[in-house]
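The values are calculated or read from the model by the stated rules, or taken from the named source; none is laboratory data. Keep in mind that what you see is a predicted model, and the values were worked out from it rather than measured. Cβ sites come from the backbone with ideal geometry, for glycine too, and all protein chains shown count toward neighbours. Note: accessible area is taken over every heavy atom of the protein model, side chains too, but ligands, DNA and RNA are not part of it. Shrake-Rupley method; radii C 1.70, N 1.55, O 1.52, S 1.80 Å.
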Amino acid sequence: MKKLLLAVLLVTSTSAFCFEIHGAYARLVSCTWGQMGYDYGNIGIYDVNGKMYQVFFGSNWCAY
């Protein structure tokens, strides 16, 4: 089953320990290996003010 992104993500990394989605601080909930569309790789699940977002990182580890 093809997973769709929950929203169009504008991702900005401002430091080694800060990850932002749409300009808000995102807390990493989990980072797992899985399938998104036809690609396999690391998928980060982030909590941004109570809303959950999925970000596909491919072979890279999920950003904190």
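Descriptive notes on the structure:
Rundown of residues vs (1) outside any strand (DSSP E or B); (2) among the aliphatic types (A, V, I, L, M); (3) in contact with a strand residue (DSSP E or B) (Cβ under 8 Å, 6 or more places away or on another chain); (4) at pLDDT below 95, yes/no style:
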{"residue": "L9", "(1), (2), (3), (4)": "yes, yes, yes, yes"}
{"residue": "S13", "(1), (2), (3), (4)": "no, no, yes, yes"}
{"residue": "F19", "(1), (2), (3), (4)": "no, no, yes, yes"}
{"residue": "G34", "(1), (2), (3), (4)": "no, no, yes, no"}
{"residue": "G41", "(1), (2), (3), (4)": "no, no, yes, no"}
{"residue": "W61", "(1), (2), (3), (4)": "yes, no, yes, yes"}
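- Selection of first residues in region 50-64 that are within 15 Å of E20 (Cβ to Cβ) and of second residues that are open to solvent by 90 Å² or more (accessible area, probe 1.4 Å), restricted to Cβ pairs under 6 Å at least 6 apart or on distinct chains, gives the following pairs, ordered by first then second residue: Y53/L6; Y64/F17.
- Tally of residues being of a type outside the set (G, A, S) and surrounded by fewer than 11 Cβ atoms within 10 Å (Cβ to Cβ) across region 40-51: 1
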